[in-house]
Amino acid sequence: MFIARISKIVICLILINLVLFAQQTNFESNVSKRGTTAAPFMNISQGARATAMGSAFVAVADDPSAIFWNPAGLSRLSKNGFMVDHTLWIADLRYNFIAASVNVGEFGTIGVSFINSDYGEMNVTTIEEPNGTGETFSVKDLAFSIAWSFNITDNFSIGFNPKVIYQSIWNMSDYAFAIDMGVLYNTPFDGITLGMAITNFGDKMSLTGNTGVVLYDPDESTTGNNDRIPTVLQTDKWDLPLGFKVGLSYKAVESENHSLMFAVDASHPNNDYESVNIGGEYTFNQIFSIRGGYKSLFLADSEESFTIGAGLSQNLFGNVNITFNYSYSEFGLLSEVQKFTIGINF
């Protein structure tokens, strides 16, 4: 009874957000709001396998990276899993993603994930000292989540992924709470699965801290007054990168030696126009996989385009499986993005 009630609530929330997104599209179809949200790192694809498939993964979600794509997929994992993903992002930035999932029997599956950035130390510069003051500062992006997923029926799964998001630059920082919600449904059509997910539904963020403290003169026309009053600059609050995705996956071939799967996702974010991701994966003998896809199809002025990748899977000690996956994503004028993922399933 409790699970059934939660399921109804999540389905209603998904439908409500879908209606709100549709209304936003009708009234603001010519405004993309590109670059107007906080924590943009939450839009970076996680997992080399999913990324190589053009980030069309909301209806696949069959490894621990499901925590990021669609938490409903966790309950369908046959084994406990752990993965580490390293991203060579644009402008020499680096991101790390760690995810783990544990099956807890009739209570479903629990998952945890962690994302962190590596910007490196940067020099503090001013107008008077453009070559640096001798000080350095750093930038941090962090996110931590605990997901829960369970199967309502043999064909319908649901998942939740509450998270904490943190950003800082020099002495300014803020954090926000958000949640992802997703569903997976095995359709009556053989091999076709439907997936839907809402991501980063939560607070706004506004950086505050000592860096925002300045000395202010309230009346520059007057002499003899206090012209060095400590003042805090007020910063605006920004929405998180809220997104709605719906996708289909199709297992065209599923045999002992050969597996072929196709996937397509339609994405509606709050900080850009709508787009479509497509991808596919071929696996030979459950050992070697090749993947390809195209990201941000139909999105004007996007630097993202085709993706490719490959993976290896090897069983060790009977029940333990080791995987290694790699992906390459073309990023136009911003060069390329590469990802490396190591996974253990047991």
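The values are calculated or read from the model by the stated rules, or taken from the named source; none is laboratory data. Computed from a predicted structure; not experimentally measured. All Cβ positions, glycine included, derive from the backbone under ideal geometry; neighbour counts span all protein chains shown.
Among the residues of region 312-324, none qualifies, meaning not one is within 17 Å of the chain's Cα centre (by Cα) and farther than 30 Å from Tyr175 by Cα. Being more than 24 Å from the chain's Cα centre (by Cα) and of a type in the set (S, T, N, Q): is that true of Thr136 here? Yes: the conditions hold for Thr136. Filtering region 198-229 to residues that are under 30 Å from Ala72 (Cβ atoms) and out of contact with any helix residue (DSSP H, G or I) (no Cβ under 6 Å at 6 or more places or on another chain) leaves Thr199, Phe201, Gly202, Asp203, Lys204, Met205.
Cβ-Cβ contacts under 7 Å between residues 6 or more apart (or on different chains), taken from a first residue in region 105-121 that is at pLDDT 95 or above to a second residue that is surrounded by fewer than 16 Cβ atoms within 10 Å (Cβ to Cβ) and not in a strand (DSSP E or B), are listed as Ile110/Val104. Restricting attention to region 70-106, the residues that are polar (S, T, N, Q), surrounded by fewer than 20 Cβ atoms within 10 Å (Cβ to Cβ) and part of a loop (DSSP other than H, G, I, E, B) total 2. In region 323-336, the condition of being among the hydrophobic types (A, V, I, L, M, F, W, C) and in a loop (DSSP other than H, G, I, E, B) is met by at least one residue.
Being in a strand (DSSP E or B) and on the phi > 0 side of the Ramachandran plot is the filter here, so list the residues in region 203-233 that pass it. Write out each step before concluding.
To start, the set of residues in region 203-233 that are in a strand (DSSP E or B) comprises 204-205, 208-209, 213-216, 229-232.
Across region 203-233, the qualifying residue is only Gly209.
Checking Ser149, Ser157, Ser145 one by one, the residue that is touching a residue at least 60 places away in the same chain (Cβ under 8 Å), in contact with a Lys or Arg (Cβ under 7 Å, 6 or more places away or on another chain) and farther than 20 Å from Pro40 by Cα is Ser157 and no other.
Exactly one residue among Val84, Val139 is in contact (Cβ under 8 Å) with a residue 40 or more places away in the chain and out of contact with any His (no Cβ under 7 Å at 6 or more places or on another chain), and that residue is Val84.
Quick check: is even one residue across region 297-316 in contact with an Asp or Glu (Cβ under 6 Å, 6 or more places away or on another chain), surrounded by 15 or more Cβ atoms within 10 Å (Cβ to Cβ) and assigned to a strand (DSSP E or B)? No, there is no match, as no residue in region 297-316 is in contact with an Asp or Glu (Cβ under 6 Å, 6 or more places away or on another chain), surrounded by 15 or more Cβ atoms within 10 Å (Cβ to Cβ) and assigned to a strand (DSSP E or B).
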